[in-house]
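Rule-based calculations on the coordinates, nothing more; no lab input. These figures come from a predicted structure and were not determined experimentally. Here the Cβ positions follow ideal geometry from the backbone for every residue, glycine too, while neighbour counts run over all protein chains shown.
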Amino acid sequence: MKQTALTNKHIALGAKMVEFAGYNMPVLYTGINDEHETVRNKLGVFDVSHMGEFILKGENALDLIQRVTSNDASKLTDGKVQYSCLPNKTGGIVDDLFVYRIDEKSYMLVVNASNIDKDWNWIQSLNTANVEMHNISDKTSLLAVQGPLAVKVLQTLTDMDLSSMEYYTFRKGNFAGCNNILVSATGYTGAGGFEIYFDNEHAEKIWDAIFNAGAAYGIKPAGLGCRDTLRLEMGFCLYGNDIDDTTSPIEAGLGWITKFSKEFTNSEALKKQKEEGVARKLVGFEMIDRGIPRHGYPIQDANGNKIGEVTSGTQAPSLQKAVGMGYVEIAYAKEGSEINVNVRDKGLKARVVKIPFYKK
C-alpha cells in the first residue's frame, strides 16, 4: 500500500486505517457520527493526499482539455475552478474531475485516486498536439479543511484574504510559513471550507499549524467514513458508486457540466441522449420504512419487479434518517414517486426526493 506524507500522524492519533485506492488511509478517528457533526458545525481536517493531480501546459493545453472534458473550460479565468467529467466513447464516464486554470497556458486537473493511471493514459492517448503533461500526484499533498469555522481558523495562517474568496476559486501564496501553497475554496462536504495543495515536504508543518490554530475551536481530524456521509447528504456523486464507465452524465443528472457549445469525446451521442431523453435516471430517495439502503441493493416497484439499483446509501447523521441514491427507470424518477428498496430480501418503502438531502 502507498502511504501519504501524513500516514504516521494518523497512526499516532489512533486512526483506524484501511486500504483505499491503493493507499493506507484513515477511515475514522473518534467515530463517523462525531466527525460528521464536527465538520458540519465546527471544523474537520481530511488528508486526501491520495487524489491525483496533473499539470497541463502549452499553447494547446486548453484545446486538449476542451476535447477530453464535458464542461466548457474556455469559460475559466485565472484562479477559477470547474467541475467536469471525462466522457468515454461508449456513453459512460472515465472519471469526474476538477479543472483549475492557473493561467492562459497552464492548468491543473484533479482526479480520483483510484483512476490516476487510467485518467493519465486516457488523456495522453488524446494528446495529439504535444501538450506538456506532468503527473505530480506522488509529490503533492492535499488537506481538505472543512466546516463553518474554516475561514476564521485558516486566516490566522496566511495573508491571502480567504473571506473574499468565492466558491470554486483559488489563490496561491504563503500559508503557515510555506511558499507557493494553493488554497482552493472547494470541498466535498457541503460544509464550506478549503482544500490546500502543497509539496509533501511541507505536510507535517502545515498539519501541525492548522491544528494549533484550530485548537480553541474544537478542530478534529476526520476520516473517509464521514467524508462519505457528508457528501451523500449533499447528493454529490462518488465515482465507482454513482457514476462509472457505464453511466452517462445525462443519466447521472450531470447535464449541467455537459456543454454542447463545443465538441468533445462522444458529444454527439450524449447530445442526442439529452434531446431524446434517457431510459433511467439517478435519483435521491429517503426511506419510509426502517432500514438502511446499501450499494447494489435492488430497487423494485410495488409488485416486486426490479426497476433499478442503489448506488449509495447511509443513515444520514445530520438528518436522523436513512437516505440513498440509485438509478431507476424514468417512470419512477419523478419527485414523490414511491419505490421499494430490497433490504435482505424484504421490500422496504422509500420515496424519491430532490437532492441535496441536507439543506443548510
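Worth pointing out:
- When the helices of the chain are scored as -39500 (n - 2.57) per DSSP H run of n ≥ 4 and the total is divided over every residue, the value at 222 nm lands at -5500 deg cm²/dmol.
- Amide H contacts of D72 (H built 1.01 Å from N, in plane; Pro and chain starts excluded): K259 sit under 5 Å, all sequence-distant by 5 or more or on other chains.
- Note on the chain: with a GNM built from Cα contacts shorter than 10 Å, the maximum mean-square fluctuation among G225, G193, G22 falls on G22.
- With θ taken as phi - 60° and the Karplus curve 6.51 cos²θ - 1.76 cosθ + 1.60 applied, the whole-hertz 3J(HN,Hα) list for region 189-201 is 10, x, 9, x, x, 9, 10, 10, 9, 7, 5, 3, 4 Hz, x standing for glycine and proline.
- Summing Lys and Arg as +1 and Asp and Glu as -1 over all other residues whose Cβ lies under 13 Å from the Cβ of K57 gives a net charge of -3.
- Judged by the ratio a/c of the largest to the smallest principal axis of the C-alpha gyration tensor, the chain counts as oblate, that ratio being 1.5 or greater while a/b is no larger than b/c.
- Cα centre as origin, Lys/Arg/Asp/Glu Cβ charges: the chain dipole, Debye: 860
- Region 1-40 and region 53-73: distance between their alpha carbon centers, rounded to Å: 33
- For the pair region 257-276 and region 130-144, the centres of their Cα atoms are 29 angstrom apart.
- Local electrostatic count at L86 - Lys and Arg +1, Asp and Glu -1, tallied over other residues with Cβ under 10 Å: -2
- Within-12-Å neighbourhood charge of V111 [Cβ basis; K, R +1; D, E -1]: -4
- Largest GNM mean-square fluctuation among R290, R280, R67, using the chain with Cα springs under 10 Å: R290.
- Each residue of region 127-133 was assigned a 3J(HN,Hα) from its phi angle through the Karplus expression (A = 6.51, B = -1.76, C = 1.60, θ = phi - 60°), giving 7, 8, 10, 6, 5, 6, 10 Hz with x at Gly and Pro.
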